[in-house]
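Trainee: Quick one: this structure, given as structure tokens, is what I'll be asking you about.
The values are calculated or read from the model by the stated rules, or taken from the named source; none is laboratory data. Every value quoted in this text rests on a predicted model; they were computed, and no experiment measured them. Please note: Cβ atoms are built from the backbone with ideal geometry, for glycine as well, and neighbour counts cover all protein chains shown.
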Amino acid sequence: MSGHGTPIPMIAHRSSGLAGTADVPGDKSISHRSLILGAMAVGETVVTGLLEGQDVLDTAKAMQAFGAEVTRDQDGTWHIHGVGVGGFAEPDQVIDCGNSGTGVRLIMGAMATSPITATFTGDASLNKRPMARVTDPLALFGTQSVGRSGGRLPMTIVGAVEPLPVRYTVPVPSAQVKSAVLLAGLNAPGQTIVIEQEATRDHTERMLEGFGATITTEVTDEGRVITLEGQPELRPQSIDVPRDPSSAAFPVCAALITEGSDILVPNIGLNPTRAGLFTTLREMGADLTYENEREEGGEPVADLRARFSPNLKGIEVPPERAASMIDEYPVLSAVAAYAEGQTVMRGVKELRVKESDRIEAMATGLRTNGIEVEDGEDWWIVHGKGYGNVAGGATCASHLDHRIAMSFLVLGLASNAPVRVDDGGPIATSFPIFEGLMADLGADIRREG
Ligand code: S3P
């Protein structure tokens, strides 16, 4: 499991002329949901393009522990024989979700309305993260939970024997919380209603509909009102997982700041609930274009073309865009170091409860590399140095956080002195081919020691 192994120190040296095609892996959010919904359908779901990062592999193992049969062909096709809504068996071991907040929160929701008990744990990062945001709404169904102080893992969830349907307004912008409640609602009779004030990624809603559930979304004065009819029979699906825009962000940002670069990142899902970073980069003056724009499986998709952009300008990122780029602020802050002027990021409190406190982790590492950063509880400002003026030279802590590690390695591709990270091991949770892919583009990123 990630984060439990020997640290892998890595270093990024100034590079030039990134070129070629970057085939990034499958979408992490959709991969988790493919396995969980596949396990809750009756019959065999077939998945191609699944992200085989540790986070998703941990979810696959968990689905086996709950009684689904999950197998992988040599060519990377996955088969999930689902047990049906309400059909989960009680696991006989603790469920270890590794580094994955999405994995643990969605699985807690999926099992919360079955008459079984399961205990969840994770690595040192996951065991610090708040779970009450999920167990509070699950309690409304009749689910019980006992965890460590502050609602932390390890935690035992006792599923509701006679679940009640729920109407719940999500208090923080979180697709994980929304999804946990919807997945729990699957095995409750009647309508479960989830209201979100800010739109977050809508993969659960789209996929539930694909699996045959009756689910509607209405935009009202209250927000987005999502209504799910309980106790459907989910039909197995054939899913081709689109590539992950959150992984595409790293080669795209690397190309924008690396002299002479021109790369193509094909087949990237541009669902508006996920594509905020690319809009932001374009507003900053990035030479980033969408080629071959099309629709695939009901989702907008394009090939991203990113070229070296020496004249980036800092901007104020609209706070209402935060949910659509929440995982991309770390790498945006690395790009912002190379822009002229301030990049202002507000309404981003959620960054403090990700795999690490991402504002703290990035602000500290950027400062040690010569960049001025101001920060408060739900905002931060990066004072850009402009191309050619980022000092670098420091070692940054990755705090068991894949996106922090990759963001600092991107930073080092154009800094005057190389940038190190203390542990690149967590990168395998979401982007196991990162090193090879970046090397193929011509980026000088290496392991040390
Ligand atoms: C995710 C939701 C987001 C995101 C995470 C994936 C999902 O988390 O940061 O990487 O797949 O639902 P929150 O729900 O905590 O915002």
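Trainee: List every residue pair whose Cβ atoms sit under 8 Å apart, with the two residues 6 or more apart in sequence or on different chains, where the first one lies in region 94-117 and is at positive phi and in the same structural domain as Arg133 (by TED's automatic domain parsing) and the second, anywhere, is of a type in the set (A, V, I, L, M, F, W, C) and within 13 Å of the ligand (Cβ to nearest atom).
Mentor: Pairs that qualify, where the first residue is at positive phi and in the same structural domain as Arg133 (by TED's automatic domain parsing) and the partner is of a type in the set (A, V, I, L, M, F, W, C) and within 13 Å of the ligand (Cβ to nearest atom), are Gly98/Leu126.
Trainee: Given the condition touching a Cys at 6+ places or on another chain (Cβ under 7 Å), in contact (Cβ under 8 Å) with a residue 60 or more places away in the chain and of a type in the set (Gly, Ala, Ser), answer yes or no: does some residue in region 46-68 qualify?
Mentor: No: region 46-68 contains no residue that is touching a Cys at 6+ places or on another chain (Cβ under 7 Å), in contact (Cβ under 8 Å) with a residue 60 or more places away in the chain and of a type in the set (Gly, Ala, Ser).
Trainee: Arg224: buried (at least 18 other Cβ atoms within 10 Å of the Cβ) and closer than 24 Å to Val348 by Cβ, yes or no?
Mentor: In short, yes.
Trainee: Can you spot a residue in region 158-169 that is farther than 18 Å from Ser29 by Cα, modelled with pLDDT of 95 or more and within 16 Å of the ligand (Cβ to nearest atom)?
Mentor: yes
Trainee: Could you tell me whether any residue of region 15-29 is of a type outside the set (A, V, I, L, M), crowded, with 24+ Cβ neighbours inside 10 Å and out of contact with any helix residue (DSSP H, G or I) (no Cβ under 8 Å at 6 or more places or on another chain)?
Mentor: Yes; the residues of region 15-29 include at least one that is of a type outside the set (A, V, I, L, M), crowded, with 24+ Cβ neighbours inside 10 Å and out of contact with any helix residue (DSSP H, G or I) (no Cβ under 8 Å at 6 or more places or on another chain).
Trainee: Would a scan of region 348-360 turn up a residue that is touching a strand residue (DSSP E or B) at 6+ places or on another chain (Cβ under 9 Å) and small (Gly, Ala, Ser)?
Mentor: The answer is no, given that none of the residues of region 348-360 is touching a strand residue (DSSP E or B) at 6+ places or on another chain (Cβ under 9 Å) and small (Gly, Ala, Ser).
Trainee: OK, next. Restricting region 309-360 to residues that are within 18 Å of Ser246 (Cβ to Cβ) and among the basic types (Lys, Arg), which is farthest from the ligand (Cβ to nearest atom)?
Mentor: My answer is Arg321.
Trainee: While we're on this one: If only one of Gly150, Gly185 is crowded, with 22+ Cβ neighbours inside 10 Å and away from the ligand (no atom under 13 Å from the Cβ), which one is it?
Mentor: Gly185
Trainee: A follow-up question, please. Within region 223-267, how many residues are within 16 Å of the ligand (Cβ to nearest atom), closer than 24 Å to Leu312 by Cβ and touching an Asp or Glu at 6+ places or on another chain (Cβ under 7 Å)?
Mentor: Going through region 223-267 one residue at a time, the tally reaches 3.
Trainee: I would also like to ask the following. So, in region 195-214, of the ones that are within 16 Å of the ligand (Cβ to nearest atom) and aliphatic (A, V, I, L, M), which residue ends up surrounded by the most Cβ atoms within 10 Å (Cβ to Cβ)?
Mentor: Only one residue fits best here, namely Leu208.
Trainee: Here is a further query. Quick one: in region 293-320, of everything that is among the acidic types (Asp, Glu) and out of contact with any Gly (no Cβ under 6 Å at 6 or more places or on another chain), which residue is surrounded by the most Cβ atoms within 10 Å (Cβ to Cβ)?
Mentor: Asp303
Trainee: Only one of Thr280, Thr192, Thr220 is closer than 19 Å to Arg403 by Cα, more than 16 Å from the ligand (Cβ to nearest atom) and either within 23 Å of the chain's Cα centre (by Cα) or outside the structural domain of Arg14 (by TED's automatic domain parsing) (or both). Can you tell me which? Can you show your working first?
Mentor: Values: Thr192 fails: closer than 19 Å to Arg403 by Cα; Thr220 fails: closer than 19 Å to Arg403 by Cα.
Going through Thr280, Thr192, Thr220 in turn, the sole match is Thr280.
Trainee: Specify which of the listed residues (Thr71, Thr102) is polar (S, T, N, Q), surrounded by fewer than 24 Cβ atoms within 10 Å (Cβ to Cβ) and within 14 Å of the ligand (Cβ to nearest atom).
Mentor: Values: Thr71 fails: within 14 Å of the ligand (Cβ to nearest atom).
Unique residue meeting the criteria: Thr102.
Trainee: Does Thr119 satisfy the criteria of being farther than 22 Å from Thr192 by Cβ, surrounded by fewer than 24 Cβ atoms within 10 Å (Cβ to Cβ) and among the β-branched types (Val, Ile, Thr)?
Mentor: Here the answer is yes, as Thr119 does meet what is asked.
Trainee: Among Ala394, Ala361, which is the only one that is among the small types (Gly, Ala, Ser), farther than 27 Å from Ala199 by Cβ and surrounded by 16 or more Cβ atoms within 10 Å (Cβ to Cβ)?
Mentor: Matching residue, one of Ala394, Ala361: Ala394.
Trainee: List pairs: first in region 334-363 and without any contact (Cβ under 8 Å) to a residue 60 or more places away in the chain and in the same structural domain as Leu400 (by TED's automatic domain parsing), second basic (Lys, Arg) and within 16 Å of the ligand (Cβ to nearest atom), Cβ under 7 Å, 6+ apart or cross-chain?
Mentor: The qualifying pairs are Leu351/Arg358; Ile359/Arg352.
Trainee: If I ask for residues that are aliphatic (A, V, I, L, M) and over 19 Å from Thr343 (Cα atoms), which ones from region 298-322 would you list?
Mentor: Scanning region 298-322 gives Val301, Ala302, Leu304, Ala306.
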